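A quick write-up on the structure given underneath.
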Amino acid sequence: MNENLFDRVFRDADLSRLFIETVDGRKFTYGDAVALSGKYANALRAKGVVPGDRVAVQTEKTPEILIFYLACVRAGAVYLPLNTAYTLNELAYFIGDAEPKLVVADPEKRAGLAEIAARVGATVETMDAAGKGSLADLAAGQKEDFATVERQGSDLAAILYTSGTTGRSKGAMLTHDNLASNALALVETWRFTGKDVLLHALPIYHTHGLFVATNTVLFSGASMIFLPKFDADTVMRLLPRATVLMGVPTFYTRLVKHPGLTRQATAHMRLFVSGSAPLLAETHREFEDLTGQAILERYGMTETNMNTSNPYDGDRVAGTVGFPLPGVSVRVANPDDGKELPQGEIGVLEVKGPNVFSGYWRMPEKTAAEFRADGFFITGDLGVIDERGYVSIVGRSKDLIICGGFNVYPKEIESEIDGLPGVDESAVIGVSHPDLGEGVVAVVVAKAPGATSEPAILDALKDRLARFKVPRHVAIVDDLPRNTMGKVQKNLLRDQFKDLFKVPA
Ligand code: MCA
Ligand code: AMP
């Protein structure tokens with residue numbers, strides 16, 4: 001049988017069911033998704049895209065682009081979504097590395113991208129925030145009929161770039177089996193059915209919004225209300241029509257501040273899910289006090305999809321990420337030798353299962369370095385498993401900042417800052433931020449007094465780095481604290497700046 005993700009979703013789907021409704025009332029049924037994806041798949045073929053070709057997409061969030069994702073999968077292409085905040089400088093790397101056949105972008109970016117795309121022989125088509133543009137025009141002239149391309153479960157469906165603690169971003173290669181197995185595990189664990197209505201307020205260029213939210217809906221025949229982005233007022237207004245909300249912790253820290261969040265307003269809701277970054281136990285408790293509902297926290301990674309989840313029935317324990325999903329094995333190992341540690345000891349979390357990616361795009365050495373000989377993937381997250389089997393994440397061995405659910409790798413920001421005139425060296429850290437979880441702070445040593453300044457650094461970074469990576473504060477200091485080995489002691493800096501974003505009581 002065809003193992004193409006598209007075929008697995010749609011072969012038995014009830015095509016009359018609602019799939020997506022937008023805030024302005026536009027509706028797409030499962031049948032519409034089949035018909036429109038057929039047109040887009042034929043458009044891909046007309047553009048010369050063949051199975052295995054990458055298709056890079058940086059557009060606003062619309063139902064059309066989500067259906068285009070389905071079309072890429074259906075046509076056997078490899079979907080490569082890109083954060084809308086990425087600058088041309090950042091896009092040049094992703095496009096150069098992935099060598100897509102086609103790039104789809106907002107019309108405003110077309111001119112800037114044309115030359116970057118041409119370097120790898122790709123062409124650019126456009127899609128705007130209303131789902132219109134040259135790609136839609138091309139699809140409009142195509143037939144709906146399209147025979148879904150035969151794929152093996154191990155064939156690639158998507159590449160998602162994830163930054164690295166050292167060096168350049170790596171493309172995580174995700175297969176049809178990775179995505180399908182994880183969606184089915186989540187449908188089962190979270191009890192999704194065709195009656196569910198998901199309030200979809202996440203971006204669709206990351207695992208959370210694209211796969212966790214969308215594929216879970218698709219595999220259960222559920223529907224979603226599609227918001228262009230998260231906004232607490234809009235979420236509260238639409239909540240009465242939904243049964244499930246999925247979000248990053250910032251959604252919940254903002255919702256608990258909303259006067260409309262009450263027991264009554266959420267009584268009909270079946271499930272609130274949080275992930276992508278640690279949910280503070282305090283937020284968990286505040287939310288439960290206000291609504292009587294316990295947020296269900298789960299844990300995943302771009303490379304592995306979802307690994308663990310708090311239970312649907314049973315205790316959703318604040319500060320933990322629950323149990324391994326069906327079919328997924330999680331162990332705690334000694335970071336140095338990979339030997340499994342006894343229950344209750346802290347070590348690096350390692351994961352194995354059908355959810356785990358097939359490697360980094362064109363980086364076999366990096367792939368090999370992150371797997372143990374017995375196939376476990378080394379997450380770089382530090383965790384512990386308690387006597388009841390609940391997994392908790394207690395830290396990270398990788399130098400990573402998570403800001404509003406977006407990952408920022410200090411090394412990348414430090415390299416950019418170190419390259420600026422007047423800068424001797426820098427250290428980038430994450431410190432507690434009331435809204436975003438962590439805020440990015442750069443601590444910089446100037447070459448000479450007055451040789452650089454916060455405004456000069458921020459101005460230079462803004463065209464090179466996505467906005468969410470740009471430090472919220474730059475401190476100019478005389479020197480960086482170092483240990484006897486000469487390594488910068490970031491823990492001391494984190495301590496020094498820990499109250500920077502604290503809201504005065
Ligand atoms: C927006 N800004 C940010 C962030 N988002 N800065 C730092 N970190 C951010 N996350 C910038 C904006 O460009 C703007 O800049 C300023 O901050 C204020 O924006 P604001 O309106 O407050 O923010 P927002 O637009 O409301 O966005 C906050 C958000 C959003 C809703 C939390 O960041 C979001 O939707 N995050 C979800 C990320 C996500 O999906 N992560 C999943 C990754 P200026 O002031 O210059 O205009 S997948 C993953 O991690 C794994 C696999 C997993 O387990 O799920
Ligand atoms: P990404 O590379 O965007 O896939 O981000 C994955 C990382 O996000 C993980 O390695 C964790 O460090 C972090 N993460 C995801 N979910 C959680 C969670 N529930 N609690 C703590 N950290 C999380």
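The values are calculated or read from the model by the stated rules, or taken from the named source; none is laboratory data. Note that this is a predicted model, so its numbers are computed, not measured. FYI the Cβ positions are ideal-geometry reconstructions off the backbone, even for glycines, and counts take in every protein chain you see.
Summary table below
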read-out	value
Total residues in the stretch 470-489, condition under 27 Å from Ala85 (Cα atoms) and charged (D, E, K, R)	1
Residues of the stretch 344-381 that turn out to be assigned to a strand (DSSP E or B) and buried (at least 21 other Cβ atoms within 10 Å of the Cβ), as a count	9
Residue in the stretch 256-271 that is within 11 Å of ligand 1 (Cβ to nearest atom) and not small (Gly, Ala, Ser) present	no
Single unsatisfied condition, Glu414 versus (1) within 16 Å of ligand 2 (Cβ to nearest atom); (2) buried (at least 19 other Cβ atoms within 10 Å of the Cβ)	(1)
Members of the stretch 195-221 found to be part of a helix (DSSP H, G or I), out of contact with any helix residue (DSSP H, G or I) (no Cβ under 8 Å at 6 or more places or on another chain) and more than 16 Å from ligand 2 (Cβ to nearest atom), listed by number	Val217
Test: residue in the stretch 248-255 that is more than 16 Å from ligand 2 (Cβ to nearest atom), touching a residue at least 12 places away in the same chain (Cβ under 8 Å) and closer than 22 Å to Asn83 by Cβ	yes
Out of Val49, Val124, Val104, sole residue that is out of contact with any His (no Cβ under 8 Å at 6 or more places or on another chain) and assigned to a loop (DSSP other than H, G, I, E, B)	Val49
Filter result for the condition that a residue is small (Gly, Ala, Ser), within 16 Å of ligand 2 (Cβ to nearest atom) and under 28 Å from the mean Cα position of the chain (by Cα), over Ala460, Ala466, Ala373	Ala466
Residue check for Gly338: away from ligand 2 (no atom under 15 Å from the Cβ) and either farther than 20 Å from Thr207 by Cβ or under 25 Å from the mean Cα position of the chain (by Cα) (or both)	yes
Among (1) under 22 Å from Ser415 (Cβ atoms); (2) touching a helix residue (DSSP H, G or I) at 6+ places or on another chain (Cβ under 7 Å); (3) not in a loop (DSSP other than H, G, I, E, B), the one test that Phe94 misses	(2)
Residue pairs meeting the criteria (Cβ under 6 Å; at least 6 apart or on separate chains; first within 21 Å of Glu60 (Cα to Cα), in the stretch 220-247; second assigned to a loop (DSSP other than H, G, I, E, B) and of a type in the set (D, E, K, R))	Pro228/Lys61
Within the stretch 467-488, tally of residues that are of a type outside the set (D, E, K, R) and either in a helix (DSSP H, G or I) or modelled with pLDDT under 95 (or both)	6
In the stretch 435-450, the residues that are under 12 Å from Arg472 (Cβ atoms) and surrounded by fewer than 16 Cβ atoms within 10 Å (Cβ to Cβ)	Asp435
Failed condition for Ser392, given (1) outside any strand (DSSP E or B); (2) over 22 Å from Pro203 (Cβ atoms)	(1)
Odd one out for Phe192 among (1) over 23 Å from Leu70 (Cβ atoms); (2) assigned to a loop (DSSP other than H, G, I, E, B)	(1)
Test set (1) in contact (Cβ under 8 Å) with a residue 24 or more places away in the chain; (2) in a helix (DSSP H, G or I); (3) not aromatic (Phe, Trp, Tyr) - Asp459 fails condition number	(1)
Selection from the stretch 1-43 of residues that are farther than 22 Å from Asn178 by Cα, part of a helix (DSSP H, G or I) and of a type outside the set (A, V, I, L, M, F, W, C)	Tyr30, Gly31, Asp32, Gly38, Lys39, Tyr40, Asn42
Breaking point among (1) under 16 Å from Ser134 (Cβ atoms); (2) not in a loop (DSSP other than H, G, I, E, B), for Ile67	(1)
Tally, over the stretch 139-166, of residues that are part of a helix (DSSP H, G or I) and surrounded by 18 or more Cβ atoms within 10 Å (Cβ to Cβ)	1
Search result, residues across the stretch 278-331 that are crowded, with 22+ Cβ neighbours inside 10 Å, under 16 Å from Asp386 (Cβ atoms) and of a type in the set (A, V, I, L, M)	Val321, Val330
Subset of the stretch 261-291 [polar (S, T, N, Q) and within 22 Å of Val321 (Cα to Cα)]	Ser274, Ser276, Thr283, Thr291
Residues of the stretch 289-326 satisfying the condition of being within 28 Å of Ser358 (Cα to Cα), charged (D, E, K, R) and out of contact with any Gly (no Cβ under 8 Å at 6 or more places or on another chain)	Glu303
Unique match (being without any contact (Cβ under 8 Å) to a residue 40 or more places away in the chain and of a type in the set (S, T, N, Q)) among Ser415, Ser358, Ser392, Ser397	Ser415
Qualifying residues in the stretch 452-505 (those that are polar (S, T, N, Q) and in contact with a Pro (Cβ under 8 Å, 6 or more places away or on another chain)) - the one surrounded by the fewest Cβ atoms within 10 Å (Cβ to Cβ)	Gln489
Strands (runs of 3 or more DSSP E) lying entirely in the stretch 396-450 (those with 2 or more residues that are aliphatic (A, V, I, L, M), more than 21 Å from Asp381 (Cβ to Cβ) and touching a helix residue (DSSP H, G or I) at 6+ places or on another chain (Cβ under 7 Å))	423-433, 437-446
